[in-house]
Structure formats: structure tokens, C-alpha cells
1. Pick from 242, 112, 314: which residue has the top mean-square fluctuation in a GNM of the chain where Cα pairs under 10 Å get a spring?
2. Could you check how much of the accessible area of segment 242-350 is carbon and sulfur, as a whole percent, using a 1.4 Å probe?
3. On average over all directions, what projected area in square nanometres does segment 252-351 have, based on the convex hull of its Cα atoms?
4. Would you calculate, for the chain, the mean residue ellipticity at 222 nm contributed by helices, counting each DSSP H stretch of 4 or more residues as -39,500 (n - 2.57) and dividing by all residues, to the nearest 500?
5. Quick check on the chain: of the DSSP beta bridges with both residues there, what percent are antiparallel, nearest 5%?
6. List the residues whose amide H sits under 5 Å from the amide H of residue 102, counting only those 5 or more places along or on another chain, with H placed 1.01 Å from N in the peptide plane.
7. When the scattering of segment 2-145 is computed by the Debye formula from its Cα atoms alone, each counted once and equally, what is log10 I(q)/I(0) at q = 0.16 Å⁻¹?
8. Carbon and sulfur: what percent of segment 2-145's accessible surface (1.4 Å probe)?
Amino acid sequence: MQDKELYEKLFGLKAPWKVEKVDLRMEESKVTVVLTHEPLARFPCPECGIECAVYDHRHRQWRHLDTCDFITMIEADVPRVRCGEHGVLQTSVAWAEARSGFTALFEALAISWLKVAPINAVSERMKISWDEAWGIMERAVRRGIERRELVPIEELAIDETSFQKRHEYVTVLVDRKRGVVIDVLDDRKKKTLKDWLESNKDQLSEVRSISMDMWKPFINAVREVLEGAEQKICFDRFHVASHFGKALDKVRAAEHRALGREGDSPLTKTKHDWLRTKANGGYKDKRSFLRLTRMNLKTARAWRIKEAANGLWSYSYRKVAERNWKALLGWLARCRLDPMIKVGRMVRRYL
Ligand SMILES: [Zn+2]
């Protein structure tokens, strides 16, 4: 009696379903839980939801999460109903998706493992075949696609990122307004992004902004697929700032090497001080660092440029912003710091 109630709780069973019997086979390390429904229960038609009388049953079984290292199976005669309008149809059950041989909880566990481990490792570990693991993954991807097709994207962010060590780039697409990753593409090539944009055009019909790095393949892909791309592409401050940060760090590394040869370099262990911004922690209280910024150093010059660039994002008037960016670009062109000059050229190209 008690183990029936335990499994009813474990599966979250609701009336009219209940556990009929629990069949425990010690020698096979397997437990089979047989479910049944109350004999006079009525079930909703899967098409229209109207409650109908049971027509007949189909016997089915599902693999559930193991309980105490026992492979756990659920078996039930699932009713088919006869709806006046839609005919005889198989009803759905709360614990599994249609046509899946696994319960929803089992699939959820498999999916969380499939995110971090290859398919063959997951299939081995969960004692299912490779095809079954693949089927679980495919159903999850399809559910994700079905869910997201309904939502128009207003602000799209296209980001490239590389897996550390492997140096392989992927493109990550984010719905910025909802803060969710919509898709991950295998590389950062123009054709790959273009194909994705083509096949998601409906969802992008109301897109207002597309933020990205100043990266030609992305820019061209968007230009070729979306109307009014010029008004929508936006090079956001974080991507732009990261170019200034990288250039500054090159200046610092080179100067540190040169000074190190002459003796003690004042730049020792200062890498992160230079890269900080007011927004990400600030440097105000670091008096020794501020002294450094006033020294006659190439790094200090590059730093002043980077700081000025970070201050150029809050203008409301286009003309004023443009004038100030052009002033900064003039400064960059004359600064005699190669990495900084290169960033200046890039910004000028896309201003
Ligand atoms: Zn119906």
C-alpha cells in the first residue's frame, strides 16, 4: 500500500490516475509501476478539449528516472476517446510527451546532461541507445523552436565568442529585450549568419536594432538580408570599448617590455588598473595609479584616449556626438601609437 502512495507522489500523479501495482524485480534491478485510471473517468479530446467517454485503450510504457539505482518503468493502458467531432483519438498523459518512450522528467535529466556531455556519454550513463538520446535532443530543440517562433524580436544582438583553448568561433544570437539566447551558430562566417537571418525573417520583421561588433561578415550578412539595415545596425559601446581596451593593452605591454630592459618598469603589475573604467569599479581611490597616469608614458596617453572614447556615448544630439567623435579621431590619427591608430581607422570607417 505504502509504496503505491510513494510512487504517486514521485510521479505527481493526479486523479483520475493512480498506481495499480508496483512490480519490483531485485535480480534485474528494475521496478515497474503500473498505472490505472478510475473506471468511469472521462478524458478530454486532444483536439477540442471536450470531455469524452473512453473508447478503448492502448498499452504503453515509458522509462522514468531511476529510483535508488533501479531502472524504473511506467506502464499504463492509455485511453482513446471518441469525440463527436474529431473521432477516435489517443489522449495525452501528463508525465510524457506524445510518441516519447520516456517520461518528461527523464527527458529533462537527459537534456541537462546533453548540454555538457557528448551523446554517447549520456546514452551510456543513462542506459539508453544513441538513437534514443538523439531523439530526446531533437524533441528538445523542436520544442525550443516552436516556442520561439511566436515571439517577434525587437532588439537583436549578434555576438561572436570563442571556446577557450579551441580557438573555434561561434556566433551567439540574443534577444536583448527578453535577455535570452535564441540560437548558436557554428562559426562566424557571413554565409552562416545570412542563412540564419533568411530563415528567421518573419521573426525579425519588427526588429528595431541589431547590435554587433565592427565585423565585416556580420555587417554584410545583415545588409544583404534585412531592409533598412543601415538604420538598424548598431555598434554598441561595449564592443567599441573592447577595441580601445585591447589597443591600450598592446601599448602597455610593448612599453613595459622596453622599460624593463632599462631597469625597473613603473608599469609592473598595472595591467588591470589601466583597463578599469569608472563603470566597472573605478580607479579614483588609487592615488599611485593616478600619479602614473600623469607621467610621460605612452601607456598614459593611450589610456587618456580610451577614457575620452568611453565618455562619448551620452550625447542626445547627433551633430554634437558626431563633432566629438571626429575630434577624437583627429587625436587618434596624431597619437603615434600604432595600435590606437588602427582602432581610429576602424571607427572612422564605420562612424
Ligand atoms: Zn474533439
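The values are calculated or read from the model by the stated rules, or taken from the named source; none is laboratory data. Predicted model only: the values in this text are computed from it and were never measured. Just so you know, the surface numbers come from the protein's heavy atoms only, side chains and all, with ligands and any DNA or RNA stripped out. Shrake-Rupley method; radii C 1.70, N 1.55, O 1.52, S 1.80 Å.
1. Among 242, 112, 314, the largest GNM mean-square fluctuation belongs to 314.
2. The nonpolar share, carbon plus sulfur, comes to 51 percent.
3. 7.2 nm²
4. Values: 13 runs with 151 residues, N = 351.
About -13000 deg cm²/dmol.
5. 75 percent
6. Correct list: 63.
7. Each listed q maps to, in turn, -0.93.
8. That fraction is 53 percent.
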